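Undergrad: Attaching a single structure in structure tokens format; questions to follow.
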Amino acid sequence: MFIPHTDEQKKDMLATIGVARFDDLIGALPKNLVRPKLNLPGSMSEMELVRHMEELASRDHLAQSYLGAGAYEHFVPTAVWSVALRGEFATAYTPYQAEASQGTLQSIFEFQSLICELFKMDVANASMYDGASAAAEACLVAAKHTGRNEILVPETVHPQTLRVIQTYLAHSGARVTSVPCPNGILEPTVLQKHLGPDTAALLIQNPNFFGCLESHVQELSDLIHKAGGLLIASTYPVALGLIAPPGEYGADIAVAEGQSLGLPLAYGGPYLGLFACKNELLRKMPGRVVGQTLDADGKRAFVLTLQAREQHIRREKATSNICTNQALCALAATIYLSLVGKNGFKELATLNFQKAHYAAQVLAKGAFAPVFQHPFFNEFVVRCPTSPEKIVERLAKKRVLAGLPLGAYYKDRADQLLVCVTEIKTKADMDQFGDLLAEAAR
Amino acid sequence: MNGEKVVEPLSFEKSAPGRKGLPWPVCDVPVIQVDKQIPANLLRTEPAQLPELSEPQVVRHFTRLSHLNYSIDTNFYPLGSCTMKHNPKVNDRIVQIPDFAGLHPLRPHELSQGILEILYEVERWLSEICGMDAFTLQPSAGAQGELTGILVARAYHEHRGEKRPVVLIPDSAHGTNPASVALAGLTAVTVKSTADGQVDLDDLLQKLTKDVALVMMTIPSTLGLFEPRIQDIAKKIHDAGALLYMDGANLNALVGLVRPGDLGVDVLHVNLHKTFATPHGGGGPGAGPVGVKKALEPFLPVPRVAFENGVYRRKFDRTNTIGRVHGFQGNVGVLIRAYAYMRLQGAEGLRDISENAILAANYLKAKLTPLFPKMPAGACMHEVVVSGEGAFGPGVRTLDVAKRLLDYGYYAPTIYFPMIVPEALMIEPTENESKETLDHFVETFRTIIAESKATPDLVKTAPHTTPVRRLDEVRAARDPRLRYKP
């Protein structure tokens, strides 16, 4: 067990303290409320616990999943967590004492460097809670930086990201304006109509919630900049092995959900908020940052820096209330990217692209036609011959997740299903999926 | 490397063109041409310059980095207010069970019954332990929990037609408290502390106007003290129409001993990475669930977990909700670990933890008292806060002593916090450290204090044995180098 004191030692300790019994130490607690009876289950041994947890887990066993929508089933190489869960990393805390935390600090510095490379941005922070809160914090930065209050969010941004942004912005003075995208991507002419003197930023998601690439991304970037606003680009890291990164089309802030970089799905978390920006925004960037410096002997070393922005010094005037990051998740992503490497990363993205395009063909043949004609990466929307909810329900009985019915998010898309295919699917999987869908639609 | 001396090269510096760490399978579907599907202007022009390493190189690189860290698994880590307790190894195994790790967050509820049961029970047990009526598990960390709790309280007041723009916060509070208040669009007003570190009741009452939405108190306080007047304070707060928020950072002192809800707390966050033994991970991920009394429940974030007719479901239909604070359901992997920890302990085991944490802190306090002239009298809760003033040799500061502790294999306590204690050292031993370790720690303090008088420079230039020595922090901030550049 976890408590080392013997009864004898406890007696000694109380004697050293100079009290007769433990309760003399908690005299400040209201006597009538002390030691309430708690209605909790009894304790378990480790052996019983493992069995119990395995039983709980097995209830939700699944054969195959085609569900994406912001959380992606990618292969996680064994070395990632075998190293990341080392106690020296997992059981350390925030590297306040840099001399005794160089492992964490250097890995964060490498993480920041990798994210800058991936996004083609100038600087990145040490990570944030998740992709949605990173997007929300980016909107706050844009409003502060421009002194304007309107954030344009096209309908092609993940609805749950939008919901988090609304929570974060609720009392900030800034507001969200939704921009319609009936065609599945944001059209420059539509954006043009929404730009105004109070436009602080345009937030795009690319590839977007429907899996489409925002085809006019450079034009959108030019338009928002001409209007004096910032471009915030939310992206999907794995896609960046193939598609243009935010820095290439002029994003001022790039954010992403980093879960695809070696983190398990884990029912939604812990995930990894990625946040990078241009140099000009550095001092307004929220969150932790690690910088390189020298120690007293002239050795290269790493340290938390630019802390004058942070809550423990600035309190209510801080750039954000975030006081930690998702360090262990950032470490896993760092190991993952180091292992996959430069060529491997492009190969991974290509595999996703090829398999998803094959699946789209298989589905189209089975009367599940694509809704959009835009280029896509590994996710696409199909029109279902019968109710998508019914199809999902039928396949769920066979322990297969068909995808995400869009009706719950978009009223006019009640016949549509969002399907995702990653590198882990084989041709045989997808052929079988096509058959199952055709059968379910009958 | 520009001629710099280096402890461990960066991964980028070990890279060689063409090297590979992970083979991908050969593509088993007919290959189509990428640039026929995606126009060139949407494609990446050159690959991201990721390092090119073999698997053994990657494993050795990060293992060597890990050796540069102090951690609970390797060292006593008495970082006050952070509750650096043992993280049970079985939890690493549990979260890696493939049927947990592979759970997609948007699964239909029919295929999420096991995990929803876990989340439902964690909410229920936290409610029971804290004496609250409902919990949301969505916040990812203590600070996000604070934001959530404040937004919920604000929504509650506004729903009743009341505009209350002010939040009262003691000057001993953690910096995230006022930062979270600002993010919620409210104004933080500071309440003074008395000389003994308790909240100045006169100052509090004077500021407790009908503009006050919330009073945020850390219980026990950041000085490791339990406020004996808390029920009376809660009553006065309620009489003024305000709510009492408890920063639950220090809950490890109270589990099974007293329930915050019974004391009059209306809303609180707890840090699962502290009290419930989930790993700190070098700075996250944590989890900061928020508990509330009945009247505040309608405002909690969605989705909520419900159990109806034998089936667990996620519920979205709450008209008064503040919305979402997380893209999905929160840090579920952390919540599974907390569930497992509670199951291992049971009610009695949990209470035993708090009692032993308090015992260890008071033992340490008693043993350190002869070394610190300003040690306050009386019992503390789970941590001891002491001023270094007058304890060390000429010109030696708390920072120096903290650095010297590293030389002896101890991580440093939290220092210079709370800010109301000059030269503060905040020491939290947790329930896990043996009497032998605590005794040795005290002897080390004695040695360092002797050194600070005999050879002050030795202490002022510490550490001497760590992988790197004191860092030039000014240089780091003045000329920020935040990424590798070849």
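Undergrad: Going through B:Leu368, B:Leu364, B:Leu335 one at a time, which residue ends up being at pLDDT 95 or above, more than 8 Å from chain A (Cβ to nearest Cβ), in a helix (DSSP H, G or I) and within 30 Å of A:Ala71 (Cα to Cα)?
TA: After applying the criteria, what remains is B:Leu335.
Undergrad: Among the residues of segment B:1-27, which ones are over 15 Å from A:Asn343 (Cβ atoms), among the charged types (D, E, K, R) and surrounded by 15 or more Cβ atoms within 10 Å (Cβ to Cβ)?
TA: B:Glu8, B:Lys14
Undergrad: Could you list all residues from segment B:157-197 that are assigned to a loop (DSSP other than H, G, I, E, B), surrounded by 17 or more Cβ atoms within 10 Å (Cβ to Cβ) and more than 10 Å from every other protein chain (Cβ to nearest Cβ)?
TA: If the condition is that a residue be assigned to a loop (DSSP other than H, G, I, E, B), surrounded by 17 or more Cβ atoms within 10 Å (Cβ to Cβ) and more than 10 Å from every other protein chain (Cβ to nearest Cβ), then B:Arg164, B:Ser172, B:Gly197 are the ones that fit.
Undergrad: Moving to a separate point now. Just name the residue that is farthest from the other protein chains (Cβ to nearest Cβ) out of those in segment B:239-261 that are assigned to a strand (DSSP E or B) and out of contact with any Cys (no Cβ under 9 Å at 6 or more places or on another chain).
TA: By that ranking, first place goes to B:Leu243.
Undergrad: Further question on the same structure: What are the residue pairs meeting all of these: first residue in segment B:469-484, first residue facing chain A (nearest Cβ under 7 Å) and within 17 Å of A:Gln102 (Cα to Cα), second residue outside any loop (DSSP other than H, G, I, E, B) and aromatic (Phe, Trp, Tyr), Cβ atoms under 6 Å, and 6 or more apart or on different chains?
TA: B:Tyr484/B:Phe12
Undergrad: For segment A:362-377, state whether one or more residues are among the basic types (Lys, Arg) and closer than 30 Å to A:Phe109 by Cα.
TA: no
Undergrad: Just to check your reading of the model, which residue among A:Val176, A:Val164 is within 14 Å of another protein chain (Cβ to nearest Cβ), modelled with pLDDT of 95 or more and outside any helix (DSSP H, G or I)?
TA: On inspection, the qualifying residue turns out to be A:Val176.
Undergrad: For the condition out of contact with any Pro (no Cβ under 8 Å at 6 or more places or on another chain), surrounded by 22 or more Cβ atoms within 10 Å (Cβ to Cβ) and within 30 Å of A:Lys397 (Cα to Cα), what is the one hit in B:Ile97, B:Ile115?
TA: B:Ile115
This table checks each residue for (1) under 26 Å from A:Ser101 (Cβ atoms); (2) polar (S, T, N, Q); (3) within 11 Å of chain A (Cβ to nearest Cβ).
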{"position": "B:Met375", "(1), (2), (3)": "no, no, no"}
{"position": "B:Gly378", "(1), (2), (3)": "no, no, yes"}
{"position": "B:Glu383", "(1), (2), (3)": "yes, no, no"}
{"position": "B:Val396", "(1), (2), (3)": "yes, no, no"}
{"position": "B:Ile415", "(1), (2), (3)": "yes, no, yes"}
{"position": "B:Leu425", "(1), (2), (3)": "yes, no, no"}
{"position": "B:Thr430", "(1), (2), (3)": "yes, yes, yes"}
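Undergrad: So is A:Thr94 under 17 Å from A:Pro270 (Cβ atoms), under 21 Å from the mean Cα position of the chain (by Cα), in the same structural domain as A:Phe302 (by TED's automatic domain parsing) and surrounded by fewer than 24 Cβ atoms within 10 Å (Cβ to Cβ) or not?
TA: It is true that A:Thr94 is under 17 Å from A:Pro270 (Cβ atoms), under 21 Å from the mean Cα position of the chain (by Cα), in the same structural domain as A:Phe302 (by TED's automatic domain parsing) and surrounded by fewer than 24 Cβ atoms within 10 Å (Cβ to Cβ).
Undergrad: So which residues in segment A:371-413 are over 30 Å from B:Pro39 (Cβ atoms) and away from chain B (no Cβ under 13 Å), if there are any at all?
TA: Residues satisfying the conditions are A:Pro385, A:Thr386, A:Ser387, A:Gly407, A:Lys411.
Undergrad: It is to be established whether one or more residues within segment A:109-132 are over 21 Å from the mean Cα position of the chain (by Cα) and touching a residue at least 24 places away in the same chain (Cβ under 8 Å).
TA: no
For every residue, the table says whether it meets (1) in a loop (DSSP other than H, G, I, E, B); (2) surrounded by 22 or more Cβ atoms within 10 Å (Cβ to Cβ).
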{"residue": "B:Ala402", "(1), (2)": "no, yes"}
{"residue": "B:Thr437", "(1), (2)": "no, no"}
{"residue": "B:Ala450", "(1), (2)": "no, no"}
{"residue": "B:Ala462", "(1), (2)": "yes, yes"}
{"residue": "B:Thr465", "(1), (2)": "yes, no"}
{"residue": "B:Ala476", "(1), (2)": "no, yes"}
{"residue": "B:Pro486", "(1), (2)": "yes, no"}
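Undergrad: If A:Ala428 passes every condition in (1) within 10 Å of chain B (Cβ to nearest Cβ); (2) touching a Leu at 6+ places or on another chain (Cβ under 9 Å); (3) of a type in the set (A, V, I, L, M, F, W, C) but one, which one does it miss?
TA: Checking A:Ala428 against (1) within 10 Å of chain B (Cβ to nearest Cβ); (2) touching a Leu at 6+ places or on another chain (Cβ under 9 Å); (3) of a type in the set (A, V, I, L, M, F, W, C), the one that fails is (2).
Matching residues to (1) β-branched (Val, Ile, Thr); (2) buried (at least 19 other Cβ atoms within 10 Å of the Cβ); (3) outside the structural domain of B:Ser180 (by TED's automatic domain parsing):
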position	(1), (2), (3)
B:Asn271	no, yes, no
B:Thr275	yes, yes, no
B:Leu350	no, yes, yes
B:Pro373	no, no, yes
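Undergrad: Within segment B:3-43, track down each residue that is more than 38 Å from the chain's Cα centre (by Cα) and of a type in the set (A, V, I, L, M).
TA: Hits for segment B:3-43 are B:Ala16, B:Val26, B:Val29, B:Val31, B:Ile32, B:Val34, B:Ile38, B:Ala40, B:Leu42, B:Leu43.
Undergrad: At least 2 residues that are at the interface with chain B (Cβ under 7 Å from one of its Cβ atoms) and closer than 19 Å to A:Leu261 by Cα in each: list the helices (runs of 4 or more DSSP H) lying fully within segment A:36-120 that qualify.
TA: Once the helices (runs of 4 or more DSSP H) in segment A:36-120 are filtered for at least 2 residues that are at the interface with chain B (Cβ under 7 Å from one of its Cβ atoms) and closer than 19 Å to A:Leu261 by Cα, what remains is A:78-84, A:87-90, A:102-119.
Undergrad: Out of the residues in segment B:74-100 that are under 19 Å from A:Tyr271 (Cα atoms) and touching a residue at least 60 places away in the same chain (Cβ under 8 Å), which is farthest from the other protein chains (Cβ to nearest Cβ)?
TA: Checking each candidate, the answer is B:Asn91.
Undergrad: Could you please give the count of residues in segment A:121-143 that are in a loop (DSSP other than H, G, I, E, B) and within 25 Å of B:Pro139 (Cα to Cα)?
TA: Count: 5.
Undergrad: Sticking with this one: Out of the helices (runs of 4 or more DSSP H) lying entirely within segment A:290-403, which hold 3 or more residues that are surrounded by fewer than 20 Cβ atoms within 10 Å (Cβ to Cβ) and in contact (Cβ under 8 Å) with a residue 24 or more places away in the chain?
TA: A:327-365
Undergrad: Any residue that is touching a residue at least 40 places away in the same chain (Cβ under 8 Å), at the interface with another protein chain (Cβ under 9 Å from one of its Cβ atoms), crowded, with 24+ Cβ neighbours inside 10 Å and part of a strand (DSSP E or B) - is there at least one of those in segment A:227-238?
TA: Within segment A:227-238, not a single residue is touching a residue at least 40 places away in the same chain (Cβ under 8 Å), at the interface with another protein chain (Cβ under 9 Å from one of its Cβ atoms), crowded, with 24+ Cβ neighbours inside 10 Å and part of a strand (DSSP E or B).
Yes/no per residue for (1) farther than 18 Å from A:Met128 by Cα; (2) out of contact with any Pro (no Cβ under 7 Å at 6 or more places or on another chain):
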site	(1), (2)
A:His194	yes, yes
A:Pro197	yes, yes
A:Glu219	yes, no
A:Gly229	yes, yes
A:Ile232	no, yes
A:Leu240	yes, yes
A:Pro270	no, no
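Undergrad: Oh, and also: Select, from A:Met53, A:Met1, the only residue that is closer than 18 Å to B:Gly349 by Cα and under 46 Å from the mean Cα position of the chain (by Cα).
TA: Answer to the check: A:Met1.
The values are calculated or read from the model by the stated rules, or taken from the named source; none is laboratory data. Just so we're clear, the structure is a prediction, and the values are computed from it rather than from any experiment. All Cβ positions, glycine included, derive from the backbone under ideal geometry; neighbour counts span all protein chains shown.
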